[in-house]
Amino acid sequence: MTDSMTVMTNVMLRIDPQACDGIGMCAHLAPDLITLDRWGYPIIPTRVLDVEEVSQATKAVKGCPKKALHLIANK
Ligand code: SF4
């Protein structure tokens with residue numbers, strides 16, 4: 001949920017499903033942002049992130065052992 005103090009970015013989180021191992025480290029690193037499906041694969045937001053979310057997403061990107069997560073600019 002956003003409020004008047006939320007600062008949005010033009011950054012989105014993307015996943016390479018072929019690279020992902022489904023272990024779920026990202027959900028531990030970004031628990032407010034990433035959930036896991038019933039098979040353990042991440043479910044990521046399909047929208048631009050706010051500043052706080054980018055901070056958490058960056059931890060997940062850096063911690064992904066398969067380099068399957070990426071931050072991209074929304075076009
Ligand atoms: S940490 Fe990376 S490889 Fe592991 S589940 Fe998340 S996206 Fe997939």
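Coordinate-derived values only; no laboratory data. As the structure is a prediction and not an experimental result, all values here were calculated from the model. FYI the Cβ positions are ideal-geometry reconstructions off the backbone, even for glycines, and counts take in every protein chain you see.
How many nm separate the modelled label positions at Ala19 and Leu71, each set 7 Å beyond the Cα in the direction of the Cβ?
Each label point is offset 7 Å from its Cα along the Cβ direction, giving 1.5 nm.
So which aspartates and glutamates can Lys66 reach, going by Cα to Cα under 17 Å and dropping same-chain residues fewer than 8 places off?
Asp16, Asp21
Once every DSSP H run of n ≥ 4 in the chain is given -39500 (n - 2.57) and the sum is divided by its residues, what mean residue ellipticity at 222 nm do you get, rounded to the nearest 500 deg cm²/dmol?
Counting only the DSSP helices, I get -7000 deg cm²/dmol.
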